[in-house]
1. Can you work out the accessible area per residue across the range 165-283, with the rest of the protein chains kept in place, probe 1.4 Å, in square angstrom?
2. For Val209, which sequence-distant residues (separation of 5 or more, or a different chain) have an amide H within less than 5 Å of its own amide H, given hydrogens modelled in the peptide plane?
3. Could you give the length gained on full extension between Tyr114 and Ser142, defined as 0.36 nm per residue of separation minus the Cα-Cα distance, in nm?
4. Mind listing the phi-derived Karplus ³J(HN,Hα) values for the range 153-166, rounded to whole Hz, using 6.51, -1.76 and 1.60 with θ = phi - 60°, and x for any glycine or proline?
5. Quick check: the distance between the Cα centres of the range 92-108 and the range 230-283, to the nearest angstrom?
6. From the square roots a ≥ b ≥ c of the eigenvalues of the alpha-carbon gyration tensor of the range 108-224, which class results: rounded (a/c under 1.5), prolate (a/b over b/c), or oblate?
7. Under a 5 Å amide H to amide H cut-off, with H placed in plane at 1.01 Å, what residues pair with His247 once short-range neighbours are removed?
Amino acid sequence: MKLFVRRTGGRIGLWGGLLAAALAAFAAGWLVPVRAPAGCKLNELTAAPDFSPFSPAAPVVAASDAGTPAAPSLPEKWVCLTFDDGPSKTTPEVLAALDAAGVHGTFFVVATGYNEKYLPLLTQAAAAGHQIALHSASHEYSDIYRSSAAYWKDITLLKERIAPYVDAENIRYLRFPGGSTNTVSRRYGGKGLMPQLKTEVEQRGWQWVDWNVCAEDAVGGHPSADTIYRNVVRETGEQTHCVVLMHDSATTRTTAEALPDIIRWYTDNGYTFLTVAETLPLG
Ligand SMILES: [Zn+2]
């Protein structure tokens with residue numbers, strides 16, 4: 001098990017970030033799994049202590065490594081605002097909030113067929129400097145997690161559907177529905193499926209991306225903007241490298257409303273906003 005963020009090894013690990021958050025949560029008297037925020041699918045995440053928001057090959061380097069030639073230099077504190085399950089009718093407000101703050105986000109998109117009329121928003125988002133990344137065409141666990149072939153068929157379909165709007169062929173970042181440590185896939189594809197998919201992603205030279213801060217904006221009961229803001233602040237805790245999971249799905253109507261406060265808080269606390277590709281440049 002690796003502990004906390006390493007700043008001198010040429011690569012950082014964020015394994016410890018989640019562990020520390022979990023321990024802090026435990027110490028604070030509440031247990032993350034009990035709270036089971038459905039929007040983050042934490043109820044589907046295993047308790048694996050080696051959880052990392054990124055593929056193992058992630059070449060993230062902190063600013064203190066700047067002396068290493070060719071090493072990308074990152075600020076001491078950074079945050080990626082990521083949005084899953086869009087585009088949808090809520091996407092324009094999310095884009096407006098990000099654009100108003102001059103912040104770039106990363107969108108892990110779906111193309112279910114139902115959101116077809118919102119796909120042109122991807123062109124707008126990419127033109128504004130946001131990163132477009134892959135999530136799933138159908139987002140149906142029972143379909144995509146039947147097998148490796150079924151998973152990649154879904155990714156191929158997603159790329160076909162978004163190709164008219166973005167340079168789909170060159171997208172090499174993805175987020176697994178339910179996260180890379182989801183256990184729901186075991187029901188359909190067996191225990192070995194996620195390790196296999198992660199390996200296949202890495203073999204392609206792609207990156208899979210999880211998260212270490214959950215906004216819990218997709219839970220039932222439509223959390224208020226203030227609740228979402230407080231969730232983000234609480235889950236960030238002492239972490240200095242944050243990948244925040246939010247949503248721009250049709251049902252997450254208050255996320256955009258929460259964004260100005262979330263962005264202000266990270267700014268006030270010295271974080272630099274980056275896209276996932278900026279933290280994890282691929283070779
Ligand atoms: Zn999703």
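1. About 40 Å² of surface per residue is accessible.
2. Leu174, Arg175, Phe176
3. The span from Tyr114 to Ser142 would gain 8.3 nm if fully extended.
4. Rounded to whole hertz, the list is 5, 5, 5, 4, 5, 4, 4, 4, 6, 9, 4, x, 10, 9.
5. Here the answer is 11 Å between Cα centres.
6. On the way: a/c = 1.58, a/b = 1.22, b/c = 1.30.
Taking the square roots of the gyration eigenvalues as a ≥ b ≥ c, the range 108-224 is oblate.
7. Correct list: Asp84.
The values are calculated or read from the model by the stated rules, or taken from the named source; none is laboratory data. Bear in mind that the values here come from a model prediction, so they are computed numbers and not experimental data. For accessibility, only protein heavy atoms count, side chains too; no ligands or nucleic acids. Shrake-Rupley method; radii C 1.70, N 1.55, O 1.52, S 1.80 Å.
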